[in-house]
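Chemist: The structure is given below, and queries will be raised subsequently.
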Amino acid sequence: MRILTSVLSMLILTSPAALVAQAPPAKADIVMVAGCLREQPAGQWRVVNATDPKPSTANAPAAGDLPAMPVVGKNQFQLIGVAIFDLPTHKDHTVVLKGLLIPAKPLSRLNITSVTMVAATCGGGK
């Protein structure tokens with residue numbers, strides 16, 4: 001019984017130290033990108049000709065954060081978390097998207113938190 005008590009005491013005393021020593025989970029980056037919103041293939045959304053992601057907040061962009069036209073970048077992102085956004089109304093429009101960046105190969109994903117239309121057309125690219 002004395003051994004069991006000693007073992008339990010050791011576990012109780014060392015457990016908090018073990019929890020403190022663990023590294024916190026990696027933080028997801030919230031970014032902003034601008035580009036052309038496309039549905040490709042049907043039911044799946046991408047932003048194409050997108051700018052490089054830049055750190056941001058999850059809120060919709062302020063007027064001063066909207067890009068100058070035309071927006072032409074070299075990136076493409078698969079969009080996820082799209083169910084609450086009415087993306088068909090912005091199809092083939094230039095948009096600013098904010099969300100959590102999920103780097104992946106061959107195509108990174110963006111779990112979107114806001115969509116803001118910049119122009120009713122996509123200029124400068126396919």
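Please treat every number below as a calculation from the coordinates, not as lab data. Computed from a predicted structure; not experimentally measured. All Cβ positions, glycine included, derive from the backbone under ideal geometry; neighbour counts span all protein chains shown.
Chemist: Taking amide H positions as placed 1.01 Å from N in the peptide plane, with prolines and chain starts having none, which residues 5 or more places from residue 32, or on another chain, fall under 5 Å of its amide H?
Modeler: Residues meeting the criterion, in which the H sits 1.01 Å from N, are 54, 56.
Chemist: Using Cα positions and a limit of under 18 Å, work out the aspartates and glutamates in reach of residue 105, with same-chain residues fewer than 8 apart set aside.
Modeler: 29, 52
Chemist: Once you order the gyration tensor axes a ≥ b ≥ c over the Cα atoms, which shape class does the stretch 29-119 get: rounded for a/c under 1.5, otherwise prolate or oblate by comparing a/b with b/c?
Modeler: Rounded.
Chemist: In terms of modelled amide H atoms, which long-range or inter-chain residues lie less than 5 Å from the amide H of residue 93?
Modeler: Answer set, sorted by chain and number: 37.
Chemist: Something else about it: Order by neighbour count: 112, 102, 30, fewest other Cβ atoms within 10 Å first, most last.
Modeler: In increasing order of surrounding Cβ atoms, one gets 102, 30, 112.
Chemist: Multiplying the sequence separation of residue 74 and residue 29 by 0.36 nm and subtracting their Cα-Cα distance, what value in nm do you get?
Modeler: Once the chain is fully extended between residue 74 and residue 29, it gains 14.2 nm.
Chemist: Under the rule a/c < 1.5 gives rounded, and otherwise a/b versus b/c splits prolate from oblate, where does the stretch 86-126 land using the Cα gyration tensor?
Modeler: Cα axes put the stretch 86-126 in the oblate bin.
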